[in-house]
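Undergrad: Have a look at this one.
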Amino acid sequence: MSKRTGSEGGGLRAGALGTFDSIVMAIAGCGPAYTVAATIPALVLAVGVAGPAVLLYCAIPMIGIALAFRHLGRLDVNAGATYTWAARALHPFLGYLAGWALVVATTVFLVSATVPAGAATLALIDPALAGNTATATVVGAGWFLLMAVVVALGARISPYARRLLTGTQLLLLLAFAVAALAKDRTVTDFSLSWFGFGHFDGSHSFVAGALIAGVSYWGWDVTSNLSEETRNSRRAFGIGGLVGVVVSLAVFVVFTVAANVVIGVDAVRENPESFLSLIGEAVWPGWGGRLLVLAVMLSMIATLETALLQATRTLFAMGRDRTVPAVFARVHREWQTPWVATAGVAALALLLVVVSAAVGSGTQFVRDAVSGIGLPIAFYYALAGLSVVVAYRKTLFTSVGSLVLIGLWPLGGALFMMWIFVRSLPELTGAALAIGLGALALGVVPMLLSWSRGSSYFRPRPLDSEQAEAMDAYDGGAGPEPALTGAERRDDVLTDF
């Protein structure tokens, strides 16, 4: 709403994004091409030809989490998203840790994706250059800094870059998917059994695949962190996230099937880092592989932007609540973006990129990071699923639709994420556990410090569905403006910088 997100009072720019922008943002956040390149080899190693089944069945609980975000956003439009919702519906300590988990996950992802983005860029010029860590680090850092500038300049500029990046990668992926599935000569014939449970056995377990697929859909919830900058967000809230999950599901499943059919699971196992190039060459010999590498590069760049947006908007909300240093809530007077938060996250991520490259552990760090960040992601997704059930507890039984779409489905998603969290622990390396659990545990220190200083964030502010009708009436012009909630009624917001 404009009274919170307008230029006055240190707010973000209201109405900078539309519903279509939210859909594009959600798809870009999932990073279809990058996720395909990063997860399909691991998925094939875990479950063989049953990858399509794992991706399909793991998408069902993820849609439940997307439904949770949709309905929570109708109650409170807030850049902090789960950070705010979990605090009001469950407990402020849980809400704070949810926000911290998101910031940790996105920052670690920024570090882990920067060098691969540089390597993918170099592979388009000369594949031999892609293995040069120093050069890949410099090129990747260049892309990262460019995305940081785009994010700092504001949501009015970044949608154009995002539409171009996301649209191009989806067109490339779609063209390859159609061409791959239409080929006359294939290694393996397509089988519907790939969507069943018949291929799971002692060496190919559903659990192992679910640990990989469970976080493959991460990133669509960036739309919730941009809700204060989205037009008519209370009514349209969550549409982008739902579409993002469904589109990503389609892309992941189609390319997993294509990998099974065109090159076979054995080729994927033997060439995990170059299987996309193998598919590209098999479909369009000569230049097909480079086109898919281009799609991966564009996907990485777009995902760097969405990860930055998630981290900076969450830090902005935390700074606004004084649960982290208030300087993170400073908004640039002209750009109306949290420029201090953007600069802080960018500086920290670049420092970690340089350090990991300098000590020669960049590749291993990427592997451990991709595994480790699954823990904080599952943690804050689970809290969102629980929060919506608690917030709507008084209206869940008013209709079958409410019970299923707001209660049972999100609750099932939350339980799935808890299961993913617990089952991941014995599967991860010590370094991955240190990244995932260690970084999450560090959040306890600033949380207790903020609580001891009496931040208003830790005072009870119930969130329940009785607010929804009042908000809907106001947004539709059917009545007077209701009492403000969340950040709207706080008087400690910083003025524009």
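Undergrad: How far, in degrees from 0 to 90, does helix 92-125 lean away from the longest principal axis of the Cα atoms of the chain, to the nearest 10?
TA: 40
Undergrad: Same structure, new question: Restricting to DSSP loop positions (anything but H, G, I, E, B) with no more than 15 other Cβ atoms inside 10 Å of their own Cβ, which trypsin sites (Lys or Arg not before Pro) remain in segment 180-260?
TA: Here the sparse-neighbourhood loop sites are K183, R185, R231.
Undergrad: On to the next question. Sorted from largest down, what three extents in whole angstroms do the Cα atoms of the chain have along their principal axes?
TA: The Cα atoms of the chain stretch 66, 51, 42 Å along the principal axes, largest first.
Undergrad: Then there is this: In deg cm²/dmol, rounded to 500, what helix-only [θ] at 222 nm does the chain give when every DSSP H run of at least 4 residues adds -39500 (n - 2.57) and the total is split over its residues?
TA: Numbers: 23 runs with 320 residues, N = 497.
Helix-only estimate at 222 nm: -20500 deg cm²/dmol.
Undergrad: Stretch L425-Y160 to full length: gain in nm at 0.36 nm per residue minus the Cα-Cα span?
TA: Working: separation 265, 0.36 × 265 = 95.40 nm, distance 4.03 nm.
Extending this stretch completely gives an extra 91.4 nm.
Undergrad: Quick one: if the Förster radius is 30 Å, what FRET efficiency do F20 and L153 give, using the C-beta to C-beta distance and rounding to 0.05?
TA: Details: r = 20 Å, r/R0 = 0.67.
That gives a FRET efficiency of 0.90.
Undergrad: Give the accessible surface of the chain per residue, rounded to a whole number of Å², with probe radius 1.4 Å and ligands, DNA and RNA excluded. Mind dumping the intermediate values first?
TA: Working: 18660 Å² over 497 residues.
Counting only protein heavy atoms, the per-residue value for the chain is 38 Å².
Undergrad: P(r) tail for segment 231-320, what percent of Cα pairs lie past 16 Å? Could you put the intermediate results ahead of the total?
TA: Working: 2812 of 4005 pairs.
In whole percent, the long-distance tail amounts to 70.
Undergrad: For L171 and L56 in one chain, what is 0.36 nm times their gap in residues minus the Cα-Cα distance, to one decimal in nm? Don't jump to the answer; show the numbers that get you there.
TA: Working: separation 115, 0.36 × 115 = 41.40 nm, distance 2.21 nm.
Net length gain for the segment: 39.2 nm.
Undergrad: Which percent of the accessible area of the chain is formed by carbon and sulfur heavy atoms (probe 1.4 angstrom)?
TA: Numbers: 12580 of 18660 Å².
Result for the chain: 67 percent of the exposed heavy-atom area is carbon or sulfur.
Undergrad: May I pose another question? Helix 51-75 versus the longest principal axis of the chain: what is the Cα-based angle in degrees, 0 to 90, to the nearest 10?
TA: For helix 51-75, the angle is close to 10 degrees.
Undergrad: Determine, at each q value in 0.16, 0.27, 0.29 (inverse angstroms), the log₁₀ of I(q)/I(0) that the Debye formula gives when each Cα of segment 282-338 is one equal point scatterer.
TA: The Debye formula, applied to the Cα set alone, gives -0.61, -0.98, -1.03.
Undergrad: So, one more: Could you work out how far helix 133-153 tilts from the main Cα principal axis of the chain, as a 0 to 90 degree angle to the nearest 10?
TA: 30
Undergrad: Still on this model: Please identify every one of the chymotrypsin sites (Phe, Trp or Tyr not before Pro) in segment 165-249 that sits in a loop by DSSP and has no more than 11 other beta carbons within 10 Å of its own beta carbon.
TA: Working: sites: F176, F190, W194, F195, F197, F200, F206, Y217, W218, W220, F237; in loops: F190, F197, F200, Y217, W218, W220, F237.
Passing both the DSSP loop test and the Cβ count: F197.
Undergrad: While we're here: Is segment 41-126 best put as rounded, prolate or oblate by its Cα gyration tensor, with a ≥ b ≥ c the root eigenvalues, rounded for a/c under 1.5, and otherwise prolate when a/b is larger than b/c, oblate when not?
TA: Values: a/c = 2.69, a/b = 1.48, b/c = 1.81.
In terms of gyration-tensor shape, oblate.
The values are calculated or read from the model by the stated rules, or taken from the named source; none is laboratory data. Small disclaimer: the values here were computed from a predicted structure and weren't measured. When we count neighbours, we look across all protein chains shown, and the Cβ atoms used for this are built from the backbone with ideal geometry, even at glycine. Protein only, heavy atoms only, side chains kept; ligands, DNA and RNA dropped before computing areas. Shrake-Rupley method; radii C 1.70, N 1.55, O 1.52, S 1.80 Å.
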